[in-house]
1. Restricting attention to the range 93-102, does a residue exist that is surrounded by 16 or more Cβ atoms within 10 Å (Cβ to Cβ), in contact with a strand residue (DSSP E or B) (Cβ under 6 Å, 6 or more places away or on another chain) and of a type in the set (D, E)?
2. Out of (1) of a type outside the set (D, E); (2) more than 15 Å from ligand 2 (Cβ to nearest atom); (3) crowded, with 24+ Cβ neighbours inside 10 Å, what's the single condition that is false for G112?
3. If only one of L187, L125, L172 is in a helix (DSSP H, G or I), within 14 Å of ligand 1 (Cβ to nearest atom) and either farther than 23 Å from R317 by Cα or not aromatic (F, W, Y) (or both), which one is it?
4. Among V278, V206, which is the only one that is under 13 Å from R314 (Cα atoms), among the aliphatic types (A, V, I, L, M) and more than 16 Å from ligand 2 (Cβ to nearest atom)?
5. Of everything in the range 255-274, what is buried (at least 20 other Cβ atoms within 10 Å of the Cβ) and assigned to a helix (DSSP H, G or I)? Give them in sequence order.
6. Given the range 14-111, what helices (runs of 4 or more DSSP H) lie entirely inside it while holding 1 or more residues that are within 22 Å of the chain's Cα centre (by Cα) and closer than 30 Å to D150 by Cβ?
7. Return the residues of the range 112-122 that are assigned to a strand (DSSP E or B) and either touching a His at 6+ places or on another chain (Cβ under 7 Å) or near ligand 1 (Cβ under 8 Å from one of its atoms) (or both); say none if nothing qualifies.
Amino acid sequence: MKVLTKEELFIAKKELDQGNLVIFPTETVYGLGANALNSEAVDKIFKAKNRASNNPLIVHLKNKDEITKYAVINNLVEQKLIDSFMPGPFTLILEKKSIIPSNVTCNLDTVGIRIPIDPVAHNLLDILDYPIAAPSANVSTRPSGTNIYDIIPEFEGRVNYIIDGGDSRIGLESTVCKVINNVPVILRPGFITKEDIESVVGICNVSEFVMKEAIGKVESPGMMYKHYSPTTKCILVDKELISNEASKYQKPIIIGSSDLANVSCYHYFNYGDDLVNVAHNIFKILREADKLNGEVILIEATNTIGLGLAIMNRLIRTCSYNYIKRENENN
Ligand code: TXA
Ligand code: MG
């Protein structure tokens, strides 16, 4: 795989113009991109990522003026969300226009629209005559890629080019939101929080599947799948119980805040002491932890307030819903 600098976007353009894939940085995580209007190019994303054929892709646009070329804005709530949170780490599910090939959205009549604010992503989109369809740059079930060193080994031989944009600023994927009966509903929490949306629209619901396993027909197919997972067994544990849990294993790895630095274990990773840092670090640390041949990875649970909800939504899936909670907990 060839690494491109931000000055070499014309090479990425040429590759995308030819219907091939390019991995590119955004402020959330890296994306595995193709020309969103070329259904054969889009097919290559599903193959390279080993992605389920019923899990739709997000379409990335260069600016807000482009939205109505590809989607319909049906009400004032949608318009308000666009005005407030785009460009940025926010994906809005809108009624799809027929110009978007059906394999992008897996035959849904809606399409996820996002306008990245990252300058490299923006500059790339700016020189293209089409939007980019892109999921997170990871093979299905693995943690999302947030830097080129984690991504290159995973996609070596499958994708020709990656654009180096350094570490992803946020580190977790965008907030996915859909307006249902005039009420915004968070299908996947992210950096734009429920509280942020409430402050603009007055109300915001959160899908019941954000913190539990989704079964059957769900609004966001992505919530059904195993995701964000190292191969080592992972358990989410409340901070007070980590020391006791660790004592049950020969080679426990601990990932958590600096309060856990002195707990006896095989290896400790400090994921940071505030939610912004935890979001930034977590996927990278999960990959590092997985290389150590530990017996188990014990991950400190955060709260579920603000950005905490996005972190816990990912971690509960990382841990296949294994969560050891202290009693009488009400966060
Ligand atoms: O930050 C991000 O969102 C990154 C960067 C690259 O933009 N992309 C990303 O894509 O995380 P992906 O494919 O890994 O996750 C997209 C999520 C999935 O859970 C998918 O099911 C949901 O968005 N989604 C996409 N289109 C949808 C639609 N039309 N209706 C409901 N959910 C949709
Ligand atoms: Mg993903």
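1. Applying the first criterion (surrounded by 16 or more Cβ atoms within 10 Å (Cβ to Cβ)) to the range 93-102 yields 93-94, 96, 100-101.
If we keep only those that are in contact with a strand residue (DSSP E or B) (Cβ under 6 Å, 6 or more places away or on another chain) as well, we get 93-94, 96, 100.
With of a type in the set (D, E) added as a condition, the list becomes none.
Checking the range 93-102: not a single residue is surrounded by 16 or more Cβ atoms within 10 Å (Cβ to Cβ), in contact with a strand residue (DSSP E or B) (Cβ under 6 Å, 6 or more places away or on another chain) and of a type in the set (D, E).
2. (2)
3. L125
4. It is V278.
5. L260
6. Working: elements: 39-49, 67-70, 76-85.
It comes to 39-49, 76-85.
7. Taking the range 112-122 and keeping what is assigned to a strand (DSSP E or B), we get 112-114.
The answer is G112, R114.
Here is a yes/no grid of residues against (1) buried (at least 17 other Cβ atoms within 10 Å of the Cβ); (2) charged (D, E, K, R); (3) more than 22 Å from G145 (Cα to Cα):
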site: K212; (1), (2), (3): no, yes, yes
site: G216; (1), (2), (3): no, no, yes
site: H227; (1), (2), (3): yes, no, no
site: Y249; (1), (2), (3): no, no, yes
site: I285; (1), (2), (3): yes, no, no
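The values are calculated or read from the model by the stated rules, or taken from the named source; none is laboratory data. Keep in mind the model is a prediction, meaning the values are calculated, not measured. Cβ coordinates were reconstructed from backbone atoms using ideal geometry, including for glycine residues, and neighbour counts include every protein chain displayed. Each accessible area value is taken on the protein alone, full model and side chains, heavy atoms only, with ligands, DNA and RNA left out. Shrake-Rupley method; radii C 1.70, N 1.55, O 1.52, S 1.80 Å.
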